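Remarks on the structure that follows.
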Amino acid sequence: MGMKEASLKIFTGSSNPDLAKEICNYLDVPLGDALVTAFPDSESFVRFNENIRGADVFLVQSTCSPANHNVMELLIMIDAARRASASRVTAVLPFFGYARQDRKDQPRVPITSKLVANLLVAAGANRILTMDLHAQQIQGFFDIPVDHLYASPVFFEALKEENTENLTVFSPDVGGMKMANAYAEMLGCPLGFVAKRRTGATTVEAMNLVGEVEGRDILIIDDMTETAGTLVAAATLLKERGASTVRAIVSHGVLNDVGRERLRQGVLDELLTTNTVQLDKGDLPIRTLSVAPLLGEAIHRTHTDSSISSLFQIKGF
């Protein structure tokens, strides 16, 4: 009897079911039936309500707030899938939380992103599919294959119709220069950066600007924003120095209440972000772009053992 090709099954945790549904719509496959819930004492519980024996299983879960709950839920889903005899389990983390804790930058602190990587592998994940990690080298924390996608093709698609003659791309800190430079080259515009000093986990004291600002439209590039402290401090400084408009692009809009309040002040003209985390825009100046086609295509190519490297190419530039 010949080997039957493994069937593609996609399931979602509770962190962003809307994105998982969009991915399934893109691939024209039904979203897998699973019960993902919690007992009254807050312990997570998972049950797959369909046969996944021999299946190629993809579990979609961002480890955003509540981060610990979402990490644990994903670990339990992986374990349940392994014990139900899935042939392969891929953890799809559109947003990989704990990515900022990637080194010992002060005495006696953990390297939590390595710990989370170890947990995912120990739970039984065979592969990881993620997007815009805070630091590229986190891929090396895993001893299993990691496909690391970029949201930039989605942003470029949205920006390519715009007139970029008056645009300057800015990095909010020296660390983000590489990513900002990629945008500046692609859009054919000058590059600048804000030299900032962080005064605490939630507060940033912006310092100096390097680059063309006076009368320019500024586009700040960053990988994530939580309290919007960096973005708003940079935008305030840029406007003080004569910037016409200030917009920002962030891959992961993991905004909390402080961040919302800061955006409400209107210093930042627009925030472009993606749906890697579920975000209620409300009355805020936020434009959300979908990464579902990109993730869906990566899942399809992983399932069919095709190359995903062409997903890094930007069309139309």
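The values are calculated or read from the model by the stated rules, or taken from the named source; none is laboratory data. Predicted model, so just to flag it, every value in this text is computed and none were measured. A quick note on method: Cβ atoms are made from the backbone with ideal geometry, for glycine too, and the neighbour counts reach across all protein chains shown.
In the range 50-73, the count of residues that are touching a residue at least 60 places away in the same chain (Cβ under 8 Å), of a type in the set (S, T, N, Q) and in contact with a strand residue (DSSP E or B) (Cβ under 9 Å, 6 or more places away or on another chain) is one or more. For the condition surrounded by 15 or more Cβ atoms within 10 Å (Cβ to Cβ) and assigned to a loop (DSSP other than H, G, I, E, B), Ala86 qualifies.
Restricting attention to the range 168-185, the residues that are assigned to a helix (DSSP H, G or I) and surrounded by 18 or more Cβ atoms within 10 Å (Cβ to Cβ) add up to 5. For the range 229-272, the set of residues classified as closer than 21 Å to Val154 by Cβ, part of a loop (DSSP other than H, G, I, E, B) and either in contact with a helix residue (DSSP H, G or I) (Cβ under 7 Å, 6 or more places away or on another chain) or among the acidic types (Asp, Glu) (or both) consists of Leu268, Asp269, listed by residue number. Residues in the range 186-208 that are outside any loop (DSSP other than H, G, I, E, B), in contact with a strand residue (DSSP E or B) (Cβ under 7 Å, 6 or more places away or on another chain) and among the hydrophobic types (A, V, I, L, M, F, W, C) were compared, and the one that is modelled with the highest pLDDT is Leu191.
Filtered by the rule that a residue be among the polar types (S, T, N, Q) and in a loop (DSSP other than H, G, I, E, B), the range 211-228 gives a lone residue, Thr227. Counting the residues of the range 244-271 that are touching a strand residue (DSSP E or B) at 6+ places or on another chain (Cβ under 7 Å), surrounded by fewer than 24 Cβ atoms within 10 Å (Cβ to Cβ) and touching a residue at least 60 places away in the same chain (Cβ under 8 Å) gives 2. Selection of the range 89-108 for residues being among the small types (Gly, Ala, Ser) and buried (at least 24 other Cβ atoms within 10 Å of the Cβ) yields Ala91, Gly97. Whether any residue in the range 38-53 is under 16 Å from His300 (Cβ atoms) and in the same structural domain as Phe95 (by TED's automatic domain parsing) is what I want to check. There is no residue in the range 38-53 that is under 16 Å from His300 (Cβ atoms) and in the same structural domain as Phe95 (by TED's automatic domain parsing). Just one of the listed residues (Glu157, Glu162) is more than 21 Å from the chain's Cα centre (by Cα), under 26 Å from Leu271 (Cα atoms) and of a type outside the set (Lys, Arg), and it is Glu162. Is it true that Ala6 is under 25 Å from Leu149 (Cβ atoms), at pLDDT 95 or above and either in a loop (DSSP other than H, G, I, E, B) or aromatic (Phe, Trp, Tyr) (or both)? For Ala6, the condition - under 25 Å from Leu149 (Cβ atoms), at pLDDT 95 or above and either in a loop (DSSP other than H, G, I, E, B) or aromatic (Phe, Trp, Tyr) (or both) - is not met.
Has the range 127-134 got any residue that is surrounded by fewer than 16 Cβ atoms within 10 Å (Cβ to Cβ), more than 27 Å from Glu43 (Cα to Cα), modelled with pLDDT under 95 and of a type outside the set (Ser, Thr, Tyr)? No - not one qualifying residue is present in the range 127-134. Touching a strand residue (DSSP E or B) at 6+ places or on another chain (Cβ under 6 Å), assigned to a loop (DSSP other than H, G, I, E, B), modelled with pLDDT of 95 or more and within 23 Å of Leu295 (Cα to Cα), is that true of Ala81? No; evaluated as a whole, the condition is false for this residue. Of the residues in the range 305-312, not one is outside the structural domain of Thr63 (by TED's automatic domain parsing) and in a loop (DSSP other than H, G, I, E, B). The residue list Leu27, Leu75, Leu31 contains one member that is surrounded by fewer than 19 Cβ atoms within 10 Å (Cβ to Cβ), among the hydrophobic types (A, V, I, L, M, F, W, C), in the same structural domain as Glu297 (by TED's automatic domain parsing) and at pLDDT 95 or above, which is Leu31. Being touching a His at 6+ places or on another chain (Cβ under 9 Å) and of a type in the set (A, V, I, L, M) is the filter here; which residues of the range 110-153 pass it? Result: Ile128, Leu129, Met131, Leu133, Ile138, Ala151.
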